Amino acid sequence: MASFQSLRKLDITEDLIIDTTIHGAIGQFQDLRVLSICVRNDCSHLQGCLQALAELNIGGHIQSFLTATSPPHLQSLSLRFVHDPDPRTETLLQCISAIPTAVPTTLSALTLESELAFNPPIASVPDLIHPMLVFRALSDFMLKFRLLPSINDADILTMLTAWPTLTTLRIAHDHTFRHPTSPLAPSRSSPPPPSLSRPRHRRSLTYTYFSPRHC
């Protein structure tokens with residue numbers, strides 16, 4: 001691994017099983033800026049590693065990885081929930097609530113995605129996004145859950161108020177999705193267009209609905 005010490009980008013396919021030894025070797029890439037990885041082991045051995053990360057796409061043991069590394073310069077974060085947390089020890093919402101403590105509040109792009117049916121189920125969109133409202137510098141947010149509860153005008157306005165620099169908002173929906181009726185969203189009486197841009201407080205917002213099946 002010594003010859004790769006200056007590595008800047010690393011993309012590891014989800015199908016590749018990597019053990020703690022390889023995790024430890026990855027942690028030595030102190031110049032790594034972009035990382036895509038699915039973590040299947042505890043990451044406490046990565047304490048203080050990967051401090052140069054600016055872009056992270058991660059699935060699996062998300063909380064363990066972020067708690068150990070806490071990359072201070074992270075700008076883009078994509079979280080893929082690929083297994084249901086054990087409800088006896090940790091719910092999905094508890095996991096999500098812990099994320100902001102390990103990520104800088106200057107984060108500019110955030111994606112939350114999963115194809116799972118969680119136990120307990122997700123009750124509402126605000127439950128998912130509330131911990132993320134601290135990221136005031138967000139300009140791009142995508143919510144892509146296979147079984148997403150209905151979303152309403154208040155939910156959209158909450159996001160727009162919390163994220164004043166937001167320019168791109170993408171939300172996946174299934175057949176249960178309810179289209180908001182605010183001026184920033186399509187009418188419930190007609191199908192939403194693929195995307196729309198409308199000014200709000202002198203900024204342009206691209207607001208996109210899409211089906212998880214087509215992304």
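If amide hydrogens are placed 1.01 Å from N in the peptide plane, which non-local residues have theirs closer than 5 Å to the one on C38?
The list, which skips near neighbours in sequence, is G59.
Where a ≥ b ≥ c are the square roots of the eigenvalues of the C-alpha gyration tensor, would you call the stretch 19-159 rounded, which needs a/c under 1.5, or, failing that, prolate if a/b is larger than b/c, or oblate?
Values: a/c = 2.25, a/b = 1.41, b/c = 1.59.
Because a/c hits 1.5 or more and a/b fails to exceed b/c, the stretch 19-159 counts as oblate.
What's the FRET efficiency of A123 with S64 using the Cβ-Cβ distance as r and R₀ = 30 Å, to the nearest 0.05? Walk me through the numbers before you get to the answer.
Working: r = 25 Å, r/R0 = 0.84.
Once rounded, the FRET efficiency stands at 0.75.
Every number here is computed from the coordinates shown, using simple stated rules; none is lab data. Keep in mind it's a predicted model, so treat the numbers as computed, not measured. Glycine also receives a Cβ, built like all others from the backbone with ideal geometry; neighbour counts cover every protein chain displayed.
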